[in-house]
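This report refers to the structure that appears directly beneath it.
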Amino acid sequence: MGDRPVIKGVVAAAVSIAIGCSLFAAPAASQSISDRFKSLFGGGKSDEPAEKTPGESIEETDLTCPPVAVRAGASTFAVAPPGKQPVGNDLRYQATITKTARECSINAGQITARIGIQGRVIAGPAGAPSSVQIPLRVAVVQGGVGEKTIATKAYQTTVSMSEDSSVPFTLVADDLIYPAPTGGTGDSYIFYIGFDPQALKPEPKPKAPKKK
């Protein structure tokens with residue numbers, strides 16, 4: 001452990017080539033995750049919501065499913081040994097996002113979003129550990145001059161590695177809930193995703209109430 005995660009905006013050429021040549025779907029950790037991921041990515045474009053199931057009654061005028069975008073500066077997650085920078089021979093591993101999808105449902109004025117994220121982790125010259133934790137964050141944001149975060153949540157997924165490997169990963173964030181926007185407000189909403197090293201840190205413990 002003790003690796004220091006650093007988000008790196010520029011990807012090394014060799015790493016980029018490996019990613020471009022290896023965009024295969026990852027086997028999910030469990031059947032339920034696999035099914036949910038297939039329902040998001042199966043058949044449609046990555047920026048289109050999954051088809052509604054038969055009998056599902058959702059008025060389109062009441063449901064807005066924002067597009068998905070990778071947050072600037074959070075598209076890459078690179079890790080080096082302690083005290084080093086994740087470049088050149090000091091790179092242990094690097095993760096990138098390769099594909100996304102989303103699906104929304106509404107109930108009692110609350111929208112539940114399911115965001116599918118697909119990517120790859122590539123071992124670097126310094127050698128990757130046997131398993132790595134990939135930290136991600138999903139947020140729904142109201143865009144505009146003054147950006148406003150409506151809801152946000154951090155996630156982690158564990159990826160098993162081996163020497164000189166390029167390993168796919170998948171994550172389905174299916175519990176992001178936020179109030180349905182009114183009027184045309186929803187047209188400015190967007191789902192932002194990206195790597196967030198802060199998600200690897202434990203949640204702060206709530207402060208104990210002061211004794212009277």
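The values are calculated or read from the model by the stated rules, or taken from the named source; none is laboratory data. Being a predicted model, the structure only gives us computed values, none of them experimental. Quick reminder, even Gly has a Cβ in these numbers, built from the backbone with ideal geometry, and neighbours come from all protein chains shown. Ligands, DNA and RNA are excluded from the accessible area calculation, which covers all protein heavy atoms including side chains. Shrake-Rupley method; radii C 1.70, N 1.55, O 1.52, S 1.80 Å.
A few notes on this one:
- Failed item in (1) open to solvent by 40 Å² or more (accessible area, probe 1.4 Å); (2) at pLDDT below 90; (3) over 14 Å from the mean Cα position of the chain (by Cα), with F41 passing the rest: (1)
- The number of residues in region 143-156 that are in a strand (DSSP E or B) and either open to solvent by less than 50 Å² (accessible area, probe 1.4 Å) or among the hydroxyl-bearing types (S, T, Y) (or both) comes to 6.
- Per the conditions (1) in a strand (DSSP E or B); (2) open to solvent by 20 Å² or more (accessible area, probe 1.4 Å); (3) not hydrophobic (A, V, I, L, M, F, W, C), the sole criterion not satisfied by G119 is (2).
- Residue in region 164-171 that is more than 21 Å from the chain's Cα centre (by Cα), over 30 Å from I106 (Cα atoms) and at pLDDT 90 or above present: no
- Odd one out for A126 among (1) touching a helix residue (DSSP H, G or I) at 6+ places or on another chain (Cβ under 6 Å); (2) among the aliphatic types (A, V, I, L, M); (3) in a strand (DSSP E or B): (3)
- The set of residues in region 157-172 being more than 17 Å from V70 (Cα to Cα) and either exposed (fewer than 14 other Cβ atoms within 10 Å of the Cβ) or of a type outside the set (A, V, I, L, M) (or both) consists of T157, T158, S160, S162, E163, D164, S165, S166, P168.
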